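The values are calculated or read from the model by the stated rules, or taken from the named source; none is laboratory data. What you see is a predicted model, and the numbers here were worked out from it, not measured in a lab. FYI the Cβ positions are ideal-geometry reconstructions off the backbone, even for glycines, and counts take in every protein chain you see.
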């Protein structure tokens, strides 16, 4: 079951050892209002969310329950086999196009080893400068998660994640 806003807010508050009254004072509201948030009887005003995220030391995405993919280095003994990993490329073009590509890392490895070109994704120029050799080197070093997020001058957003 997905965590509700109230459950997530309560968990984050308690992790920091903050009382409902402390949050209420910082936001200039009542402790009862904070209690209602935690019990999912109401939600904070949208204008309070950035300050609330700052108080809880999280991003707005994390506060609102969006999946947060962190980049990390996995210790050598705990790494997944590279060939079982998945490279995810997401492009949101300024024109409104949404491109999502999931490539098994094993395919990238074969392409790099044989000198074969990787498939061109819908002719997007924002993807032509991706250095797959560098990405593969990062994977071999145990780096996983969100590897790259770039917004081009044309307004295209490209993110590359490895899971």
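The table below lists the values:
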read-out: Any hit, segment 26-42, residues being within 27 Å of residue 147 (Cβ to Cβ) and either part of a helix (DSSP H, G or I) or under 22 Å from the mean Cα position of the chain (by Cα) (or both); value: no
read-out: Filter result for the condition that a residue is in contact with a strand residue (DSSP E or B) (Cβ under 8 Å, 6 or more places away or on another chain) and modelled with pLDDT of 80 or more, over 49, 103; value: 103
read-out: Qualifying residue in segment 56-65 (condition: under 17 Å from the mean Cα position of the chain (by Cα) and part of a strand (DSSP E or B)); value: no
read-out: So residue 21, is it out of contact with any helix residue (DSSP H, G or I) (no Cβ under 6 Å at 6 or more places or on another chain) and either exposed (fewer than 13 other Cβ atoms within 10 Å of the Cβ) or part of a helix (DSSP H, G or I) (or both); value: no
